[in-house]
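Report on one structure; see the data block that follows.
The values are calculated or read from the model by the stated rules, or taken from the named source; none is laboratory data. Keep in mind it's a predicted model, so treat the numbers as computed, not measured. Quick reminder, even Gly has a Cβ in these numbers, built from the backbone with ideal geometry, and neighbours come from all protein chains shown. SASA here: full protein model, heavy atoms, side chains in, ligands and nucleic acids out. Shrake-Rupley method; radii C 1.70, N 1.55, O 1.52, S 1.80 Å.
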Amino acid sequence: MTRFGYFLATEEHGPQELVRQARAAEDAGFDALWISDHFHPWLGSQGQSSFVWSVVGAIGQVTSLPVATAVTCPTTRIHPAIVAQAAATSAAMTRGGFGLGVGTGEALNEHILGDPWPHAARRLAMLEEAIEVMRELWSGRTVSHHGEFYTVDTARLYTLPEEPPPILMSAFGPKATALAARVADGLVQVAPAPETIDRFRREGGAGKPVQGGLKVCWAPNEQDAVRTAYERWPNEALSGEAPQVLPSPRHFEQLTQGLVTPEMVAEEVTCGPDPERHVAAIETYLEAGADEVYVCQVGDDQDGFFGFYSEEVLPRLRGAR
């Protein structure tokens, strides 16, 4: 059955508000939760960036929905052995279950310890080894690992969930998609990409879940929604490699101020109060092959959004399915 989830934005809301939104999402009829994992917001106007693992633990106490990170980079800023421990504890604390979404990351978050930012192929190889390390630790055995990128010396996790958390991998190009199909338990997408989803299933991902995520901005009128989306998330209109290599929110501010217009953001973020437009945006992910779709409301009117989706959008989606 298709699942419709809510996407919690740690870049835009403080930790207590995120916990409140998680509960409100369940009350509104959403089936699951995503939560972003950042050290920095993309832009200063977003204004937040809490430590995701503390927030996940709190969410697990107020809702029975499953939670997944979308996504964690377990390679540079935090050693994969520590991510393994954080994910195991989160899985033990979330009543609805926990999924570890992973990806190769962005310099924005991962450069902060001063290490050189690796090129894409090296980041992919690091992620593959990190996944191996985490799965070894989730076995509950004592692990010593001496790999190309990581060393683990006689480490054992004592707090474990009944089942290891599934690993869901974000992938875009052919090499990343092939790796996700081979080593991950599911695929994460933030654009409706049927070619990527088809490749994932052809190369070993058949039967594994595909999750997609998008941003929308509900408001009583479209103009207000476009203005809010442009103020908070102009980086949604950026394409190419820039989001992976820029190291600071101020660089994103400089780039978006020079290149991005409100009209460009409105092309990427569904804005306004028309339920059919919201349904159509979500349906593009389902038509591309996604099994689950997670929706992020841009701005501060979360309660208005939850009421709108509960009454106008989710019933239409479920009726159509």
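Data for the structure
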{"quantity": "Enumeration of residues in region 31-46 that are in a loop (DSSP other than H, G, I, E, B) and within 16 Å of the chain's Cα centre (by Cα)", "calculated": "D31, S36, D37, H38, F39, H40, P41, W42"}
{"quantity": "Answer from L127, L65 - the residue that is crowded, with 20+ Cβ neighbours inside 10 Å, farther than 21 Å from Q16 by Cβ and within 17 Å of the chain's Cα centre (by Cα)", "calculated": "L127"}
{"quantity": "Those residues of region 270-290 which are part of a loop (DSSP other than H, G, I, E, B) and under 16 Å from R3 (Cβ atoms), in sequence order", "calculated": "G289, A290"}
{"quantity": "Conditions (1) over 29 Å from Q302 (Cβ atoms); (2) under 20 Å from the mean Cα position of the chain (by Cα); (3) open to solvent by 40 Å² or more (accessible area, probe 1.4 Å); (4) without any contact (Cβ under 8 Å) to a residue 40 or more places away in the chain; number of the one not met by P164", "calculated": "(4)"}
{"quantity": "In region 249-286, residue surrounded by the fewest Cβ atoms within 10 Å (Cβ to Cβ) [restricted to those that are in contact (Cβ under 8 Å) with a residue 60 or more places away in the chain and over 20 Å from the mean Cα position of the chain (by Cα)]", "calculated": "R250"}
{"quantity": "Residue match in region 135-151 (condition: assigned to a helix (DSSP H, G or I) and crowded, with 23+ Cβ neighbours inside 10 Å)", "calculated": "yes"}
{"quantity": "Test: residue in region 152-169 that is farther than 26 Å from F7 by Cα, among the hydroxyl-bearing types (S, T, Y) and out of contact with any helix residue (DSSP H, G or I) (no Cβ under 8 Å at 6 or more places or on another chain)", "calculated": "yes"}
{"quantity": "Residue match in region 295-303 (condition: surrounded by fewer than 15 Cβ atoms within 10 Å (Cβ to Cβ) and farther than 20 Å from L33 by Cβ)", "calculated": "no"}
{"quantity": "Only one of A87, A58 that is surrounded by fewer than 22 Cβ atoms within 10 Å (Cβ to Cβ), closer than 30 Å to G44 by Cα and at pLDDT 95 or above", "calculated": "A58"}
{"quantity": "Among (1) under 28 Å from Y285 (Cα atoms); (2) in contact (Cβ under 8 Å) with a residue 24 or more places away in the chain; (3) surrounded by fewer than 17 Cβ atoms within 10 Å (Cβ to Cβ), the one test that V210 misses", "calculated": "(3)"}
